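The values are calculated or read from the model by the stated rules, or taken from the named source; none is laboratory data. Bear in mind that the values here come from a model prediction, so they are computed numbers and not experimental data. Here the Cβ positions follow ideal geometry from the backbone for every residue, glycine too, while neighbour counts run over all protein chains shown. Protein only, heavy atoms only, side chains kept; ligands, DNA and RNA dropped before computing areas. Shrake-Rupley method; radii C 1.70, N 1.55, O 1.52, S 1.80 Å.
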Amino acid sequence: MANVVIQINKSGADYDRRVMRNIMNLKNQLGDDLVQCEVVVFGEGMDLLQTQDEMIKEQIDALVESGIEFIACSNTLSKHNVTQEELVCSVGSAGSGVAHLVTRQTEGWAYLAL
Amino acid sequence: MANVVIQINKSGADYDRRVMRNIMNLKNQLGDDLVQCEVVVFGEGMDLLQTQDEMIKEQIDALVESGIEFIACSNTLSKHNVTQEELVCSVGSAGSGVAHLVTRQTEGWAYLAL
Amino acid sequence: MANVVIQINKSGADYDRRVMRNIMNLKNQLGDDLVQCEVVVFGEGMDLLQTQDEMIKEQIDALVESGIEFIACSNTLSKHNVTQEELVCSVGSAGSGVAHLVTRQTEGWAYLAL
């Protein structure tokens, strides 16, 4: 059984495709053993949640549908002048993305920096 | 005493040299306190295990000789059409590299994203 | 309550600004819940501790003032022919930066790879 928090803080078409593949593979491999999985998006990573790429959008939708939660860093949204409504999926919110990654680890969650 | 799982998922000659130095320094510093160390290779990181650089090959051999295990992500091998036999050292195998990194953390291993 | 060890091993003006913002946000968000925080600098990351950017220098000073400790990898200093006295702040020292990151995790600290 695993709870996992994933850091998404870089950008680029290749990066986006790679991290989506990583997360889908994680989900497929662990199956029901993946109890909770939060994808924490901050800094440049926010580009993923504003993608124009239809395939990536569908993958994000499928992950959300399967129970994976995307969490947007409020500090980044504010700095980039972006609102949650402008993102490609509905997201949870954390004041500071990095603080959320730390808090989850203190709660025993595994951590991935992608 | 430490068990460590290391993520290798980027590529480039500089990156390869740097991560080999990091792993050799880790091994030298911790000595026998480094009980188990697995280097999990996936995505672009697979270039390391197909390197043509003789110095890197020798460093990989020395690390394997010293008890460090390299683990190749099956999803990446399959996507890149590469077989384990084409890699520069004998490797363990994980269905999904990221899932393996998560599983080891749930078992109490430390994690390094290099 | 959280103890956190942060990996700084890349370089570039954008990277430096980003990681400083990340660490300041972490500190602001967690407040007194952030018990100990060590920023472990190695490899290319050592550029941060030799920055010429006055704003970054002030941010480093403010973080040190607030109780966050910067730790320089001795292997990197030696490889780059740099002494602790040439760095922009007073730092702690670790033989191997990666080994220190591992040791802290075995002591229950959270880990961030920035």
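Under the condition of being aliphatic (A, V, I, L, M) and open to solvent by less than 10 Å² (accessible area, probe 1.4 Å), the residues counted in segment B:7-59 number 12. On the stretch given as segment C:74-89, residues that are basic (Lys, Arg) and touching a Leu at 6+ places or on another chain (Cβ under 7 Å) total 0.
How do the pairs read when you match residues in segment B:98-114 that are facing another protein chain (nearest Cβ under 7 Å) and small (Gly, Ala, Ser) with residues anywhere that are assigned to a helix (DSSP H, G or I) and open to solvent by less than 40 Å² (accessible area, probe 1.4 Å), using Cβ under 6 Å and keeping only pairs 6 or more apart or on different chains? Close Cβ pairs satisfying both conditions: B:ALA99/A:LEU26; B:ALA99/A:LEU30; B:ALA110/C:VAL102; B:ALA110/C:GLN105. Within 14 Å of another protein chain (Cβ to nearest Cβ) and over 15 Å from the mean Cα position of the chain (by Cα) - does that describe any residue in segment A:80-91? Looking through segment A:80-91, at least one residue is within 14 Å of another protein chain (Cβ to nearest Cβ) and over 15 Å from the mean Cα position of the chain (by Cα). Of a type outside the set (Asp, Glu), in contact (Cβ under 8 Å) with a residue 24 or more places away in the chain and under 29 Å from B:MET24 (Cβ atoms), is that true of C:VAL19? Yes: the conditions hold for C:VAL19. Taken over segment A:101-110, the criterion of being more than 12 Å from the chain's Cα centre (by Cα), buried (at least 20 other Cβ atoms within 10 Å of the Cβ) and outside any loop (DSSP other than H, G, I, E, B) is satisfied by A:VAL102, A:ARG104, A:GLN105, A:ALA110.
Here's a check for you: in segment C:60-79, which residue that is more than 14 Å from chain B (Cβ to nearest Cβ) and under 17 Å from C:GLN36 (Cβ atoms) is most open to solvent (accessible area, probe 1.4 Å)? For segment C:60-79, the residue satisfying everything is C:GLU65.
Consider segment B:5-23. How many of its residues are more than 9 Å from chain C (Cβ to nearest Cβ) and farther than 10 Å from B:GLY45 by Cβ?
So the count comes out to 5.
One residue stands out among those in segment C:24-55 that are more than 9 Å from chain A (Cβ to nearest Cβ) and of a type in the set (S, T, N, Q): the one that is farthest from B:ASN25 (Cα to Cα), which is C:GLN52.
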